[in-house]
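Take a look at the structure below.
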Amino acid sequence: MNFLNANKRFSFRLGGVDAWSFPYTSETTQDGDTIITTYLFAGGLKITNIAKKYEKYHAYEWVSYIENTSDTPTDIISELWDCDCTLDIAYQKPFAIQSYFPREADVTKIYSPNGSTCSMTDFYADADSVVGNEHVFHLNPGEEKTYSASGGRSSEEKAPFFNIHKNGKGYIFAIGWTGQWLCKIARTENSVTFRSKVEDTHFRVMPGEKFRTSSVVIMAYDGDVAASQNKWRALVKEHFSLIGAPGRGEYAPFSAMIWGGMETKAVLDRIKKIKENNLPYEYVWMDAGWYGANTAPTPDEFEGDWGSYTGDWVPSPLIHPNGLKDVSKAVHDAGMKFLLWFEPERVVDTTPIAQAHPEYFLVTPDDAAKDGLEHFFLLNLGDHDAWNYCFDTLANMIEQLQIDCYRQDFNMPPLGYWRKGDAPDRMGICEIKYINGMYNLWDALLEKFPALIIDNCSSGGKRIDVETLRRSVPLWRSDYQCLAGHYIEGSQVHSITYGAWMPFSGMGTGRIQNEYRIRSSYAPALQMAYSYSQKEEFCATEKEISFIQKYAAEYLRIRPYFSEDFYPLTKISDKDDTWCVMQYDRPSQNDGLLQVFRREQSPYETATFFLRAMDEAKNYTFTDIDGGEFTISGKALAEEGLKLMLPQKGTAKIYLYKGVAV
């Protein structure tokens, strides 16, 4: 706990002056691995910093709560850096222009993943990217780099995760704020300084007011980047993830997807076919389109005006006459669980709740007059009455329909709404209270329904951070998958990029059935979309039924391998003339899995790969999931690699391996 005891860890200015220059008192208590430090400043300002050490992972986490205990507003708090810490890092000489790029061992790299942009590069971090003649993610002594969220969603365009690496050592930093965060990373010859905050912080705290700001997790490591990411994955799995927590399943869900605008009769028919054909789905996933008192049936998401009723959380009597109760009963009677889509924050201004209680909402950030087009309000989760309305609505639906997985989407950037809601001496407060309200909402739902899983979507992966990871799981990690026949190599790429940062996330198959596509979709969570659209028959032929039975069973067989260690064996590429190979290793079982893809235009029939985590003192038996096996010594794997031959283009193979002592 030396690091926590020796550092204040955060900084701010009070009335324009460094707060630590004012007199203050502090009190520290320790409970196991948790340290609580309370700071009291003149004028009633109280800051409580709660810090925790994860000894096994050489990791620390902290968050601060700010409170005004007086009966008058505080001075202005500004430059509130929730994390402000300097850590030792290997020496690096000052930068100087030279003829050659420096050696690999001499540079400090920042692995800073993209956020979700509905593209193949979602969550991709290229630390060696060159613009002009400059490595833009290399950090030199005397430099400071700045990163921020976009639009108020924590992983839109830029994700709040950073791996700072120098010659086999480094730190992973993760910001816990589901809004507009900002961070600055600076380097000296012997240290690195990381500062992170809510981007807009210039406010007074009102009498009796209390709230939290952003958290941070810092993990030190020795080893290469892949090893550090596996250490991070293990930390997230053990201490942050809902999956595997008491009362919840060990693995992320495997679902059959159904469009919510599909009429009940067709939905029940699909559930019946799932049961009759023993398709081993665990969840029925009902997507958007089911709600709104006047919403008409639609065959899929590309038709109808269902979006105009967002915010009217009443099952449409025109689509589901029994209010989805018969659907929920059929799902549970078939031995499955029920997942239902909601989007409580974005509300069309003509819906009943927006008309009845306009005070619950933040209005559009521009002041444009009504133009006959649809306008969206933002349900203000920082408002007590609006929060109660939202919680009661969701809790009643979850209870009445026995919803097992609550899916929360969020298809708008909220930043402009928040900033419009702030007074000049309260900048950032609207956002801070809103995000506090969101965390309280999820925490309250999880407390009331201890077995509930929350699926965090937000236009596909645009709200992924450590605070959402500890309360939810991103089952739909990118809207790149929305098209029924999306470019499937994107799914392969996303398994590498998202997989580096989280042990549990998911994607969909699309609706085209072939082996290459379905195996490209395998992930810790999987949604099969073959039942999704009413335009397409479901289980109409023996061929289709056999396809789903075969690959559903195959997926469930290999799913346990996805949540331990992960190694990409090829570089991330969106090109269709190469191979893509991933290794999932299970140290707990002394085994693992290879996913191997020879892409559609690859001219290479053979390729050699050097696997990770192989023990030279063991022999490894590889089982081709399509039949056959072979054995190779660990020594040969280390010296010669694994040579694979795939004669046919567009081939997907899966190999399971097991190590046995010689």
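The values are calculated or read from the model by the stated rules, or taken from the named source; none is laboratory data. Just so we're clear, the structure is a prediction, and the values are computed from it rather than from any experiment. Cβ placement follows ideal geometry from the backbone for every residue including glycine, while neighbour counts extend to all protein chains displayed. These area figures cover heavy atoms from the full protein model, side chains too; ligands, DNA and RNA do not enter into them. Shrake-Rupley method; radii C 1.70, N 1.55, O 1.52, S 1.80 Å.
Things worth noting here:
- Peptides 296-303, 139-146 ranked from most to least packed by the mean count of surrounding Cβ atoms within 10 Å: 296-303, 139-146.
- Peptides 211-222, 615-626 ordered by packing proxy, namely the average of other Cβ atoms within 10 Å per residue, highest first: 211-222, 615-626.
- Projecting the Cα positions of I110, C83, S155 onto the charge dipole of the stretch 30-163 (unit charges on Cβ atoms of Lys, Arg, Asp and Glu, taken about the Cα centre) puts I110 furthest along the positive direction.
- In the stretch 1-39, the trypsin sites (Lys or Arg not before Pro) that fall in loop regions by DSSP, at most 15 other Cβ within 10 Å: K8
- Calculated over the stretch 116-203: convex hull of Cα atoms, volume per residue (Å³): 129
- Of the peptides 54-63, 282-291, 129-138, 375-384, the ranking by mean beta-carbon count within 10 Å, highest at the top, reads 282-291, 375-384, 54-63, 129-138.
- Computed over the chain, the per-residue total of -39500 (n - 2.57) for DSSP H runs of n ≥ 4 gives a 222 nm mean residue ellipticity of -6500 deg cm²/dmol, rounded to 500.
- Were the residues from N278 through T69 laid out at 0.36 nm apart, the gain over their Cα-Cα distance would be 69.1 nm.
- Listed pairs K329/K550; K145/K433; K272/K337; K8/K197; K571/K658 exceeding 18 Å between Cα atoms: K329/K550; K145/K433; K571/K658
- Note that the stretch 318-423 shows a convex hull volume over its alpha carbon atoms of 126 Å³ per residue.
- Per residue convex hull volume, Cα atoms of the chain, in Å³: 179
- The chain - accessible surface per residue (Å², probe 1.4 Å): 39
- Across the stretch 462-572, Cα-Cα pairs more than 22 Å apart make up 34 percent of the total.
- Its convex hull of Cα atoms gives the stretch 575-662 a direction-averaged projected area, equal to a quarter of the hull surface, of 5.6 nm².
- Options T25, Q92, Y57, ranked by Cα towards positive dipole end of the stretch 1-93, top entry (Cβ charges): Q92
- Summing Cβ point charges (Lys, Arg +1; Asp, Glu -1) relative to the Cα centre of the chain gives a dipole of roughly 1300 debye.
- Farthest towards the positive end of the charge dipole of the chain, among the residues G311, Q549, A386, is the Cα of Q549, using unit charges on the Cβ of Lys, Arg, Asp and Glu.
- Apportionment of accessible area to carbon and sulfur, the chain, percent (1.4 Å): 50
- The shape of the stretch 349-491 can be summarised by an equivalent ellipsoid whose semi-axes, obtained from the alpha carbon gyration tensor, come to 26, 21, 17 Å from longest to shortest.
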